[in-house]
1. Would you mind stating whether Val117 is at pLDDT below 80, of a type in the set (A, V, I, L, M, F, W, C) and in contact with a helix residue (DSSP H, G or I) (Cβ under 9 Å, 6 or more places away or on another chain)?
2. From the residues in the stretch 5-25 that are outside any helix (DSSP H, G or I) and among the hydrophobic types (A, V, I, L, M, F, W, C), which one is nearest to the chain's Cα centre (by Cα)?
3. Within the stretch 60-85, which residues are of a type outside the set (S, T, N, Q), touching a residue at least 12 places away in the same chain (Cβ under 8 Å) and crowded, with 16+ Cβ neighbours inside 10 Å?
4. Could you tell me which residue of the stretch 30-84 is modelled with the highest pLDDT, considering only residues that are farther than 19 Å from Lys108 by Cα and of a type in the set (Gly, Ala, Ser)?
5. Is at least one residue of the stretch 107-114 at pLDDT 85 or above, over 20 Å from Ser132 (Cα atoms) and not β-branched (Val, Ile, Thr)?
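The values are calculated or read from the model by the stated rules, or taken from the named source; none is laboratory data. If you're wondering where the values come from, they're calculated on a predicted model, not measured in any experiment. Virtual Cβ from ideal backbone geometry, glycine too; neighbours counted across all protein chains shown.
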Amino acid sequence: MNLRPHRKKAIEVDITPLIDVVFLLLIFFMVSTTFDRETQIEVELPEAAGEEAQTTADMLDITIDASGTFYVNQQEVINTEIETLKKAITKAAGEQKDLPVIINADAKTPHQSVMTVMDAASQLGFLHMTFSAHKPKNP
């Protein structure tokens, strides 16, 4: 008669198949996912303190009023569609893509209108964009 206590076999969980499934899922998601390249708009932000910018004739002035109407070099754009705005910018700038773009937006202008102007200018190849601001009357 054998009176020795039997050692219980340790329970082991084999996770090798689980790791295989995880890697297969990882590969599946990497292959099936499409990566879109986001466009970045480079904007030259104004400094808090500085001199007033010199005005020159060689610039593209785009104004947006409170209702979202666009003006390119003080000429009103017919509607607020991006294609119409791009045509107006191309007409005003001609072949010069290195002109600085000055964006004058009313304080109550919808943000979407400002983004439309920035997108249109960026898509046409304009890289130097600046926002116009007024100094507060009582500092």
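1. Spelling it out, it is not the case that Val117 is at pLDDT below 80, of a type in the set (A, V, I, L, M, F, W, C) and in contact with a helix residue (DSSP H, G or I) (Cβ under 9 Å, 6 or more places away or on another chain).
2. Among those residues, the one meeting the criterion is Ile15.
3. Leu60, Asp61, Ile62, Ile64, Gly68, Phe70, Val72, Leu85 - these are the residues of the stretch 60-85 that are of a type outside the set (S, T, N, Q), touching a residue at least 12 places away in the same chain (Cβ under 8 Å) and crowded, with 16+ Cβ neighbours inside 10 Å.
4. Among residues in the stretch 30-84 that are farther than 19 Å from Lys108 by Cα and of a type in the set (Gly, Ala, Ser), the one modelled with the highest pLDDT is Ser32.
5. No, the stretch 107-114 has no match at all.
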